[in-house]
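Student: Dumping the structure here so I can ask a few things about it.
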Amino acid sequence: MKRKRPPREREKNARIAALNGAQLMIEGNISQSDAAKIAGSARGSVQEAYLVLRYGTAEEIATLKAGTAGMRPIVDAVRQRIQDEGIDTRTRSPVISKSVSSERAVEAQVWDHLSSALDHINSLPRPEDMVGIVRKNALRNEAVSRKLLAALNWITEFSDAWTG
């Protein structure tokens, strides 16, 4: 696995960036894409560096860090050993990027509101019974007068979008 020529500066920088990205994946528990962006490397290079850091021997890792051999021969050797030994490389839990995570949090919050609203509406007494309860109190009467039309419009729009 010795190099035929000394590594070029851009090759060294690319290898170091990939190793830094792989280290970020391991220590920071972040996705390959996020690690690549932070480290300034390609996602595929970070993936290969991660493979070497995770499954490579101490000698292979040292060789990669020193730059005495290219990344490709080391990665190929690690992949061959993984295949020969039947190692399951899918042991790392999937990592969700921060943007996807925050998007899912917002969606969960919105769903919680909708789900609660539908549960509340469906748990109400019959409409005829509710009218009698509302009309007994002026504040309730005013609140229903203010909110009912907007609620009906929203429910109609949602129903149209849902069924359309």
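Student: If I ask for residues that are surrounded by fewer than 20 Cβ atoms within 10 Å (Cβ to Cβ) and part of a helix (DSSP H, G or I), which ones from segment 48-59 would you list?
Tutor: Scanning segment 48-59 gives LEU51, LEU53, ARG54, TYR55, ALA58, GLU59.
Student: Of all residues in segment 90-111, which are among the basic types (Lys, Arg) and at pLDDT below 75?
Tutor: Matches in segment 90-111: ARG90, ARG92, LYS98.
Student: If you check ARG15 against the conditions, is it in contact with a helix residue (DSSP H, G or I) (Cβ under 8 Å, 6 or more places away or on another chain), modelled with pLDDT under 90 and among the charged types (D, E, K, R)?
Tutor: On the way: in contact with a helix residue (DSSP H, G or I) (Cβ under 8 Å, 6 or more places away or on another chain): yes; modelled with pLDDT under 90: yes; among the charged types (D, E, K, R): yes.
Yes.
Student: Here's a follow-up. Before we move on, is ALA62 modelled with pLDDT of 85 or more and loosely packed, with under 15 Cβ neighbours inside 10 Å? Steps first, please.
Tutor: On the way: modelled with pLDDT of 85 or more: yes; loosely packed, with under 15 Cβ neighbours inside 10 Å: yes.
Yes, satisfied.
Student: Given the criteria exposed (fewer than 10 other Cβ atoms within 10 Å of the Cβ) and of a type in the set (Asp, Glu), does GLU85 qualify?
Tutor: Here the answer is yes, as GLU85 does meet what is asked.
Student: Quick check on segment 27-47. Is at least one of its residues over 22 Å from the mean Cα position of the chain (by Cα) and either assigned to a helix (DSSP H, G or I) or farther than 30 Å from SER99 by Cα (or both)?
Tutor: no
Student: Does VAL134 fit the bill of being at pLDDT 90 or above, surrounded by 10 or more Cβ atoms within 10 Å (Cβ to Cβ) and assigned by TED's automatic domain parsing to the domain that holds SER45?
Tutor: Taking the combined requirement at face value, the residue does not satisfy it.
The values are calculated or read from the model by the stated rules, or taken from the named source; none is laboratory data. These numbers were taken from a predicted model, which means no experiment stands behind them. Virtual Cβ from ideal backbone geometry, glycine too; neighbours counted across all protein chains shown.
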